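Read the figures in this text as sums done on the coordinates, not as results from a lab. These numbers come from a predicted model, not from an experiment. Cβ placement follows ideal geometry from the backbone for every residue including glycine, while neighbour counts extend to all protein chains displayed.
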């Protein structure tokens, strides 16, 4: 099945319209495809965007062996642990606080045993 989706951004200048074309082996209604698309982008926004913002993941250029995959896994584990912390800080600031505050770091690692 072929379908397209259109997106219009109006909240930041300049205004933008994007049209994406998709191919799928599934047969579904337009509402179901819209739901799947939104689910995909929610994952992108919730995980990948946070990893890039807090850990500058897109700036890392590891290519040797399994280093990139291993470091990505470590970042995801750190993100998961930091999300559990009930501190009123953004993710980047939680990461920085864990790097210089030993008490906070111990609290983060205590989440591993829970």
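Just one of (i) 203; (ii) 160; (iii) 122 is volume of the Cα convex hull per residue in Å³ calculated from these coordinates, so which is it?
(i)
Testing the spin-label approximation: label points 7 Å from Cα along Cα→Cβ at residue 31 and residue 105. State their distance in nm.
According to this spin-label approximation, the distance is 5.2 nm.
Show me the ranking of peptides 23-32, 64-73, 90-99 by mean Cβ neighbours inside 10 Å, starting with the highest.
In descending order of packing, they fall as 90-99, 64-73, 23-32.
Specify the angular offset, from 0 to 90 degrees and rounded to the nearest 10, of the alpha carbon long axis of helix 30-43 from the longest principal axis of the alpha carbons in the chain.
20
Once you put a point 7 Å from the Cα of residue 46 and another 7 Å from the Cα of residue 72, both along the Cβ direction, what distance in nm separates them?
1.9
Counting only helical runs of four or more DSSP H residues, what would the 222 nm mean residue ellipticity of the chain come to if each run contributes -39,500 (n - 2.57) and the total is spread over all its residues?
That calculation yields -15500 deg cm²/dmol at 222 nm.
With the crude spin-label approximation of a point 7 Å out along Cα→Cβ, what separation in nm comes out for residue 93 versus residue 62?
2.8
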